[in-house]
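As structure tokens, the structure follows; a few thoughts come after it.
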Amino acid sequence: MAQLRATVHYEVRREDKVRRFLDRYANELDRALLGIQIERYWKDDAQFRASFTILLQATRREDVVYETLQIANTLQGGMWTVNGPHESDDLVFECFVNREMDDQPVKWAHLELAEAT
């Protein structure tokens, strides 16, 4: 089963706002965000950095890519930069969004496929 590793930067003043955002996101996805870690972002003390993992339901490669795109769009609608899919023995696929100039709490995000351990 594939999993998606996520790192998201939020521009909020308090950590509890990040937790509420993650709770809403998990509810919208109707799945758990595993191994959540939240810390103040060292480069910008106005931001928090959250890392977590999402287990993917899809098994076919093309469905995994599509599911990842749906998860990305649910996190932050708009323009994402996509790298991949590249196929060798493993599927390589990742998405980035950088919204520093927008008046949105999500400032930067990275989603990357990984094999479940």
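Looking at the stretch 66-89 only, could you name the residues that are in contact with a Leu (Cβ under 7 Å, 6 or more places away or on another chain) and outside any helix (DSSP H, G or I)?
Of everything in the stretch 66-89, just one residue is in contact with a Leu (Cβ under 7 Å, 6 or more places away or on another chain) and outside any helix (DSSP H, G or I), namely Pro85.
Consider Val97 carefully, then state whether it is more than 23 Å from Asp30 (Cα to Cα), modelled with pLDDT of 80 or more and either surrounded by fewer than 17 Cβ atoms within 10 Å (Cβ to Cβ) or hydrophobic (A, V, I, L, M, F, W, C) (or both).
Criteria not met by Val97.
Does Asp63 fit the bill of being surrounded by 11 or more Cβ atoms within 10 Å (Cβ to Cβ), over 15 Å from the mean Cα position of the chain (by Cα), in a helix (DSSP H, G or I) and of a type in the set (D, E, K, R)?
yes
Please verify whether the stretch 12-26 includes one or more residues that are surrounded by 13 or more Cβ atoms within 10 Å (Cβ to Cβ), farther than 21 Å from Phe93 by Cα, in contact with a His (Cβ under 8 Å, 6 or more places away or on another chain) and among the charged types (D, E, K, R).
The answer is no; no qualifying residue exists.
If you scan the stretch 58-68, which residues turn out to be in contact with a Phe, Trp or Tyr (Cβ under 8 Å, 6 or more places away or on another chain) and closer than 26 Å to Lys107 by Cβ?
Scanning the stretch 58-68 gives Val65, Thr68.
When Ser88 is evaluated against the numbered criteria (1) of a type outside the set (Val, Ile, Thr); (2) farther than 19 Å from Leu22 by Cβ; (3) surrounded by 17 or more Cβ atoms within 10 Å (Cβ to Cβ), which criterion, by number, is the only one it fails?
For Ser88, the failing item is (3).
Among the candidates Thr53, Thr74, Thr81, which residue alone is under 12 Å from Ala2 (Cβ atoms) and of a type outside the set (A, V, I, L, M, F, W, C)?
Exactly one residue qualifies, and that residue is Thr53.
Tell me, which residue of the stretch 105-117 that is outside any strand (DSSP E or B) and at pLDDT below 80 is farthest from the chain's Cα centre (by Cα)?
Thr117
Name the one entry in Val106, Val82, Val8 that is among the β-branched types (Val, Ile, Thr) and free of Cβ contacts under 8 Å to residues at least 60 places away in the same chain.
The match here is Val82.
In the stretch 32-56, which residues are part of a loop (DSSP other than H, G, I, E, B) and either within 13 Å of the chain's Cα centre (by Cα) or loosely packed, with under 11 Cβ neighbours inside 10 Å (or both)?
Of everything in the stretch 32-56, those that are part of a loop (DSSP other than H, G, I, E, B) and either within 13 Å of the chain's Cα centre (by Cα) or loosely packed, with under 11 Cβ neighbours inside 10 Å (or both) turn out to be Ala32, Leu33, Trp42, Lys43, Asp45, Leu56.
The values are calculated or read from the model by the stated rules, or taken from the named source; none is laboratory data. Worth saying up front: this structure is predicted, and the values here are computed from it rather than measured. Every residue, glycine as well, gets a Cβ built from its backbone with ideal geometry; the counts of neighbours run over all protein chains shown.
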